[in-house]
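Some notes on the structure that comes next.
Read-outs throughout are calculated quantities, based only on the coordinates presented, and are distinct from any laboratory measurement. Because the structure is predicted, anything quoted here is derived from the model rather than measured. Please note: Cβ atoms are built from the backbone with ideal geometry, for glycine as well, and neighbour counts cover all protein chains shown.
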């Protein structure tokens, strides 16, 4: 399995788990050894890195974890904003699970 859930999360799997991966941006210029790597010709380009975030046994559980984390990561400053974001997250998940 290799399913993109949204821009920040994707699902992968192994024989026992559904693995939630989260996107991170890696800036090599922030590394403690950057000056040495720069002198060796390393690129300063920020790159996208996917890291394993959590392990679940079912896809439904994985989607619930992603939903909960998106709510916790929300930048909402009012309940109205938070409610609007929650509704948007739910629409995204329902669209992913829609069967024709």
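Considering only residues that are within 14 Å of the chain's Cα centre (by Cα) and surrounded by 11 or more Cβ atoms within 10 Å (Cβ to Cβ), look in region 66-84 and name the one that is nearest to residue 2 (Cα to Cα). Residue satisfying both the conditions and the ranking: 66. Residues in region 53-84 that are within 27 Å of residue 16 (Cβ to Cβ), in a helix (DSSP H, G or I) and in contact with a helix residue (DSSP H, G or I) (Cβ under 7 Å, 6 or more places away or on another chain): 3 in all.
Scanning region 85-100 for residues that are loosely packed, with under 13 Cβ neighbours inside 10 Å and in a helix (DSSP H, G or I) turns up 87, 88, 90, 91, 94, 95, 97. Taking region 46-64 as the range and being without any contact (Cβ under 8 Å) to a residue 24 or more places away in the chain and surrounded by 13 or more Cβ atoms within 10 Å (Cβ to Cβ) as the test, only 64 passes. Would you confirm whether or not region 32-45 contains a residue that is surrounded by 10 or more Cβ atoms within 10 Å (Cβ to Cβ) and within 21 Å of residue 94 (Cβ to Cβ)? No, every residue in region 32-45 fails to be surrounded by 10 or more Cβ atoms within 10 Å (Cβ to Cβ) and within 21 Å of residue 94 (Cβ to Cβ).
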